[in-house]
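Asker: Below you will find the structure I want to go over with you.
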Amino acid sequence: MTIGLIGVIIAFVFYLWEMVTLYQASLFSGLAFFAVALLAGLSVAALYIFVIYGTIVGGGYFVVRAALQAQIEAGQQRRTQPRPVGYRAHYE
């Protein structure tokens, strides 16, 4: 997914440059538009990657946290279980 997104960004840069040169704007206007549009495209791609990987990391954190909480609760239940009536420890 990330490799494909990098390829799309590279293609976006080339198509953007082609669009700017075909429009035949002045040098300053063309470079300013190119810079702003490039920054916008890179920002969207970076946000997309951040959201995807953030979701993965957040989900993993939630699963690990839930597993630790379940272990803690299971340990507390084992300690607090009452002994059966008539139970006597014997030693062999």
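Please treat every number below as a calculation from the coordinates, not as lab data. The model shown is predicted, which means the values in this text are computed figures rather than measured ones. Positions of Cβ are generated from backbone atoms using ideal geometry, with glycine treated the same way; all protein chains shown enter the neighbour counts.
Asker: Please compute the length gained on full extension between Ala35 and Tyr53, using 0.36 nm multiplied by the number of residues separating them and subtracting their Cα-Cα distance.
Answerer: Details: separation 18, 0.36 × 18 = 6.48 nm, distance 2.67 nm.
Extra length available between Ala35 and Tyr53 comes to 3.8 nm.
Asker: Put a dot 7 Å past each Cα toward the Cβ at Leu42 and Leu27; how far apart are the dots in nm?
Answerer: 2.2
Asker: Need one number: nm distance between label points at Ile72 and Met19, each 7 Å from Cα along Cα→Cβ, rounded to one decimal.
Answerer: 5.2
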